[in-house]
Amino acid sequence: MKLYPGAVSVLDVQATLGECPVWSARENVLYFADILAPAIHRFDPASGAHSVLPMPEHTGCFGLRAGGGFVAAMRSGVFLLDAAGRVERKVGDNPTDPAQSRFNDGRVDPWGRFWCGTIWQPRDRPAGVLCRLDPDLSFRVVAGDVLVSNGLAFAPGRDRMYHSDTPNHVLYAYPLDPTTGEPGSRAMLKRFPQGQGRPDGAAVDSEGCYWSALFDGGRVVRLSPAGELLAEIPLPVRWPTMVAFGGPDLKTLFITSSRENRSEAELAQYPQSGNLFAVTVDVAGRVEPCFAG
Ligand SMILES: O=C(O)[C@H](O)[C@@H](O)[C@H](O)[C@H](O)CS(=O)(=O)O
């Protein structure tokens, strides 16, 4: 098992719930959300420039649009935003009760479609769902039966979709039709042991391996397509939330983190909670697709 050097803080942003890092190859900058601020941040690692786009609702995840701007999954639904983060229009409603759920993790797939999943906040039943917005702006529920929809990522061969349910400590894999991108039935790929962190946001690298932020585990792990542990990246915080490959060679792994619901004692022990971290790795990621709608 390979141990990478520890990731270091590159932006002392202290986000409440940093999430959804997305590298813009077009602009050579990283966008990421602070779900609860709510806001989308823009960070240029080359210059250190940092700006914030306020959002109208809790913003779980977003994708970049091919023509510029964002598609963003918030609490009440999914919205198209312009490049300044201003709402252009709503294109889908949260299919579960927005008073008890919000959108959480998501991303654009190789077919240019935007997937976004919900977190069922009462946590009394697996009422979280996974939805998909197609370029024609049709919006549907594709899967469900999770508490916290997380860890969405797609294999380079366009033949597999990964999806995790964080509080249940499980990572699923769905077979995909490589032509249409339609998913088959999910199968359990990995159950993470209790007390060692649970699978939050993720990304798949150019070799097809799955990098998972282990929430409450203080590290990121690299898994083979079969779910075997290949490498680890230690972190100076316990609550990483998601990873993204970026930089000119896509070998910088950016990692967002959370300080949500942490006690004063926990924040004193992990004062960099909520910051953006980065580490150089020896395998390239892949360019994040843009939403085609
Ligand atoms: O960061 C996220 O994806 C969620 O919004 C977080 O709240 C986190 O994943 C979640 O809190 C993990 S768990 O439900 O506590 O297991």
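Annotations
- Low-density loop positions, trypsin sites (Lys or Arg not before Pro), region 123-219 - DSSP coil, at most 14 other Cβ in 10 Å: R123
- E182-D93 FRET efficiency (beta carbon distance; Förster radius 35 Å; 0.05 resolution): 0.95
- Across the alpha-carbon atoms of the chain, the computed radius of gyration and Dmax are 17.0, 51 angstrom.
- For region 170-233, GluC sites (Glu not before Pro) meeting the loop criterion (DSSP other than H, G, I, E, B) and having at most 15 other Cβ atoms within 10 Å: E207, E228.
- Counting only protein heavy atoms and a 1.4 Å probe, region 2-280 has 37 square angstrom of accessible area per residue.
- Annotation for region 22-106: trypsin sites (Lys or Arg not before Pro) lying in DSSP loop with at most 16 further Cβ atoms inside 10 Å of their Cβ are R26, R86.
The values are calculated or read from the model by the stated rules, or taken from the named source; none is laboratory data. Source: prediction; values computed, not measured. When we count neighbours, we look across all protein chains shown, and the Cβ atoms used for this are built from the backbone with ideal geometry, even at glycine. For the accessible areas, the whole protein counts, side chains as well, though only heavy atoms, and no ligand, DNA or RNA atoms are used. Shrake-Rupley method; radii C 1.70, N 1.55, O 1.52, S 1.80 Å.
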